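> Following this message is one structure expressed as structure tokens.
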Amino acid sequence: MSYFEWVQNLNRDRWSLGEVNKRLEERMVNSFKEAHTVSEQMNASMRTAAYVLALKRLEEAHLKLGLFP
């Protein structure tokens, strides 16, 4: 929810509770599907799949933005 607050403040926007819930559900469903797919591909637990996805996102950020030295 903090992310959504940050986005709203950044854009000087206000979302209704329904809009917030819709966006949150969309992200949660997409994240679950993505983790489930990786879990099945690797024959690993959902926890491990979530870590793999997190590390892939960090790698992408590092390569694109150079966030870390």
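The values are calculated or read from the model by the stated rules, or taken from the named source; none is laboratory data. Being a predicted model, the structure only gives us computed values, none of them experimental. Note that each Cβ is placed from the backbone with ideal geometry, even for glycine, and that neighbours are counted across all protein chains shown.
> Do you know which of the residues in the stretch 21-69 that are among the β-branched types (Val, Ile, Thr) and within 14 Å of the chain's Cα centre (by Cα) is nearest to Phe4 (Cα to Cα)?
Only one residue fits best here, namely Val29.
> Related question: Report yes if some residue within the stretch 5-14 is among the aromatic types (Phe, Trp, Tyr) and not in a helix (DSSP H, G or I); otherwise report no.
No; the residues of the stretch 5-14 include none that is among the aromatic types (Phe, Trp, Tyr) and not in a helix (DSSP H, G or I).
> Could you tell me which numbered condition Ala35 fails, if it satisfies all but one of (1) of a type in the set (Gly, Ala, Ser); (2) at positive phi; (3) at pLDDT 90 or above?
(2)
> Looking only at the stretch 5-34, how many residues end up being touching a Phe, Trp or Tyr at 6+ places or on another chain (Cβ under 8 Å), closer than 30 Å to Tyr51 by Cβ and without any contact (Cβ under 8 Å) to a residue 12 or more places away in the chain?
1
> Considering every residue within the stretch 6-16, establish whether at least one is loosely packed, with under 12 Cβ neighbours inside 10 Å, at pLDDT 95 or above and not acidic (Asp, Glu).
There is no residue in the stretch 6-16 that is loosely packed, with under 12 Cβ neighbours inside 10 Å, at pLDDT 95 or above and not acidic (Asp, Glu).
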